[in-house]
């Protein structure tokens, strides 16, 4: 298994380490709830160096990105980021990703760790534009600094004023290290991502400087466990749970990033067909006051009949209620539907709600 440049730090902190996408990654340090609340209330740091960084370069870089992604990359200017997805010809989702415009002829595509190799091969297979496609994931480390105090922490050790708007980035030095600093995030809080090159000593130096700068705010290391509960409270999709090759963007609630007025992209015809025929199922959000823990794979019922399946579920550390997302037959996606979680053969009443679960 691979190890990130910060593996020794995680080990030294006593993190519980698990195999995730071929990497030994920290799932938690203290407790998932404590780490979750640290991000919601102050600031936390995630090592997400397992994510994939694939660079696209060439005169037709934009044409290539437009063809393989569903969003409209022509709207990007240098220094902006876009949430998007890649689809198969049948409309199923290859992956969701971030698109960074570095220059007129260069883009950075940040993909999910578990899909990196598949995505890289998909891009190469569909490169009819003569662009350079370089997987530089092993060259880059990535830290996510998330929470309402994240800007104050980073401002202490950044050589530029951090005045970034949401989904923007610039090149800067943090703790003297050259990097791409972006403002995106997977938690719903104010937060930043730090992409940088270098060995263990470089990464450990940055980690230590971050924790020195954040000491007054009670900064905490945060594992994949809290990352998952934080994103679920905001209703953000997770590939492999809420979206995959069997789901299309429209039924997954990603119509807002799927620009069907774009000239062409892989999967467009199939998605248009789905739209014209009407959705057969939809991804919905459910919440319950009952003491229950809805989990991925549990069934959703109505009047004793199975009408869907939970794709992501937990007990919200902030709301202290059971929350879940899942697909149901389109007929049961309306506000009047009476739905339940089926947990150990018992129907637990739940009600439809609008995302995000935690309003910001």
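None of the figures in this text is laboratory data; all of them are computed from the coordinates on show. Given the structure is predicted, the values throughout are model-derived calculations rather than measurements. All Cβ positions, even for glycine, are placed from backbone atoms using ideal geometry, and neighbour counts span all protein chains on display.
Key figures for this structure:
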read-out: For the chain, alpha-carbon Rg relative to the globular expectation (2.2 N^0.38 Å, N residues); value: 1.00
read-out: Three-way shape label, the stretch 247-287, alpha-carbon gyration tensor, a/c 1.5; value: prolate
read-out: Gaussian network model of the chain, Cα within-10 Å springs - most flexible of 13, 206, 181; value: 13
read-out: FRET efficiency, residue 63 to residue 118 (Cβ-Cβ, R0 25 Å, nearest 0.05); value: 0.65
read-out: Cα pair count fraction exceeding 20 Å, expressed as % - the stretch 78-142; value: 27 percent
read-out: At q = 0.13 Å⁻¹, base-10 log of I(q)/I(0) for the stretch 225-306 (Debye sum, equal scatterers on each alpha carbon); value: -0.55
read-out: Highest-fluctuation residue, 61, 270, 85 considered, GNM on the chain with Cα pairs under 10 Å; value: 270
read-out: Packing-based exposure ordering (other Cβ within 10 Å, fewest first) of 136, 344, 281; value: 344, 136, 281
read-out: Rel. contact order, % - alpha carbon contacts under 8 angstrom, at least six apart, the chain; value: 18 percent
read-out: Theoretical ellipticity at 222 nm over the chain - DSSP helices of four or more residues, -39500 (n - 2.57) apiece, nearest 500; value: -6000 deg cm²/dmol
read-out: Residues residue 132 and residue 160, FRET efficiency given R0 of 35 Å [Cβ-Cβ distance, rounded to 0.05]; value: 0.75
read-out: Estimated FRET transfer efficiency when R0 is 35 angstrom, pair residue 276-residue 197 (beta carbons, to 0.05); value: 0.15
read-out: Pairwise centroid distance, computed over Cα atoms, of the stretch 237-316 with the stretch 50-110, Å; value: 23 Å
read-out: Value of D in µm² per second that Stokes-Einstein yields for the stretch 10-116, Kirkwood Rh from Cα pairs, at 4 °C (1.567 mPa s); value: 81 µm²/s
read-out: Mean projection area, nm², convex hull over Cα of the stretch 127-180; value: 5.4 nm²
read-out: Tensor-based shape of the stretch 118-275 (alpha-carbon gyration tensor, a/c under 1.5 rounded, otherwise prolate or oblate); value: prolate
read-out: Kirkwood estimate for the stretch 3-63, i.e. one over the average of 1/r between Cα atoms, Å; value: 13.8 Å
read-out: Proportion of all alpha-carbon pairs of the stretch 193-254 beyond 16 Å (%); value: 65 percent
read-out: Net length gained if the chain between residue 331 and residue 360 were fully extended (0.36 nm per residue, minus Cα distance); value: 7.5 nm
